[in-house]
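Chemist: First the structure, then my questions, so here it is.
Nothing in this text is a laboratory measurement; each read-out follows from the coordinates by a stated rule. If you're wondering where the values come from, they're calculated on a predicted model, not measured in any experiment. All Cβ positions, even for glycine, are placed from backbone atoms using ideal geometry, and neighbour counts span all protein chains on display.
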Amino acid sequence: MNISIHSLLEGAAQATGTVAVIDVFRAFTTAAVVLANGARRIIMVSTVEEALGLRDTGVGQICMGEVEGKPPAAFDFGNSPFEVSEVNFDGKTIIQRTSAGTQGIVAARHADRLYAASLVTATATARAMLAGSPDQITLVAMGDNGINRTDEDEVCVIHLRNRLEGRLGDRRAVQRLILAGGEVGRFHDPTRPHLYPRMPTSRSTSTAMISP
C-alpha cells in the first residue's frame, strides 16, 4: 500500500486511488455531526446555485455551508458543528457547499473511492479506507479556501497516515499543535460571530473540532 500526501485544490485534482479530502475547520466536522444526527446522506457541491437547485428539485431537503465563512441567505444552516449539534436530521439528504472541503471533493475526479475526513472521524476514516485493501491511498489537506495551507489540515493528514500505518498517534500532541496554530484565533474573534453560532459556553470551539 502506497500513501501519498497532497495539499490544496491542486492536490485534490491530482489525487488517485482511495482518497481522503481533509477539512478540519469546519466543513467535515460539521458533516460528521449532521450524519451522527440522523442525516441519510450528504451531497457535496461547489456552488451555492448547485445547492439551491438540488433543494428546489427535491434531490435534497437542506442546504448547509458557507461563502467566505458566512452562510448564504437562502441556506438552512451555516458551516458550524455547534449550530447543527442539536438538530434532528433524521432521514434527510443534506446539500453542502463550502469554500475548501467540498471544493476538494468536487475536484478529486480521479479518485476510485472518496472520503470527506476530519480529526473527529480520523479513526473511522482509516478503518473504512483500509477495509477496501487499496494499493494507493492519497490524503489531501485542503487548507484555507483550498489555496493556503493550514496547520489543522496538515496535522490531520499526518495523524491519519499514522492510523493507516497502524500507529495510534498522539491525540493530545495533535490538539496542542493545532491550538498553537494561526487558524484558531478566528473562532474567538468577536467581530466574526458567524464562525461559532450557538457555541456552548462550557466548550472550546477549536478543541471540540480537533478531538480525533
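Chemist: How long are the semi-axes of the equivalent ellipsoid of the stretch 51-112, defined as square roots of 5 times the Cα gyration tensor eigenvalues? Whole Å, largest first.
Modeler: Taking √(5λ) for each Cα gyration eigenvalue gives 19, 15, 13 Å.
Chemist: If the elastic network links every pair of Cα atoms under 10 Å, which of Ala111, Ala180, Ala141 fluctuates the most in the Gaussian network model of the chain?
Modeler: Ala180
Chemist: For the chain, with a Gaussian network of springs between Cα atoms less than 10 Å apart, report the residue from Gln96, Gln175, Gln61 with the top mean-square fluctuation.
Modeler: Largest GNM mean-square fluctuation: Gln61.
Chemist: Over the chain, what is the relative contact order in whole percent, taking alpha-carbon pairs under 8 Å and six or more residues apart?
Modeler: Reported as a whole number, the value is 32 percent.
Chemist: About the Cα centre, and with charges only on the beta carbon of Lys, Arg (+1) and Asp, Glu (-1), how big is the dipole of the chain? Nearest 20 debye, please.
Modeler: 520 debye
Chemist: Oh, and also: Tell me, in nm to one decimal, what length is gained between Ala13 and Val67 on full extension, where the rule is 0.36 nm per residue of separation less the Cα-Cα distance?
Modeler: Fully extending the segment from Ala13 to Val67 adds 17.3 nm.
Chemist: Once phi is turned into ³J(HN,Hα) by the Karplus curve 6.51 cos²θ - 1.76 cosθ + 1.60 with θ = phi - 60°, what whole-Hz value does each residue of the stretch 76-89 show in order, with x for glycine and proline?
Modeler: 7, 9, x, 10, 10, x, 6, 4, 9, 5, 10, 9, 8, 9
Chemist: Mean residue ellipticity at 222 nm from the helices of the chain, using -39,500 (n - 2.57) per DSSP H segment of n ≥ 4 over the full residue count, to the nearest 500 deg cm²/dmol?
Modeler: About -9500 deg cm²/dmol.
Chemist: What's the extension gain from Leu130 to Thr47 if we count 0.36 nm per residue and subtract their Cα-Cα distance?
Modeler: Taking Leu130 through Thr47 to full extension adds about 26.7 nm, to one decimal.
Chemist: Moving on to the next point. Would you mind checking which residues have amide H under 5 Å from Gly17's amide H? H placed 1.01 Å from N; only 5 or more apart, or other chain.
Modeler: Amide H neighbours of Gly17: Asp112.
Chemist: Take the Cα atoms of the chain, find their three principal axes, and give me the spread along each one in whole Å, biggest first.
Modeler: Sorted from largest, the Cα extents of the chain read 44, 39, 31 Å.
Chemist: Once you sort the root eigenvalues of the Cα gyration tensor of the stretch 69-192 as a ≥ b ≥ c, which label holds: rounded (a/c under 1.5), prolate (a/b larger than b/c) or oblate (the other case)?
Modeler: It comes out oblate by the Cα gyration axes.
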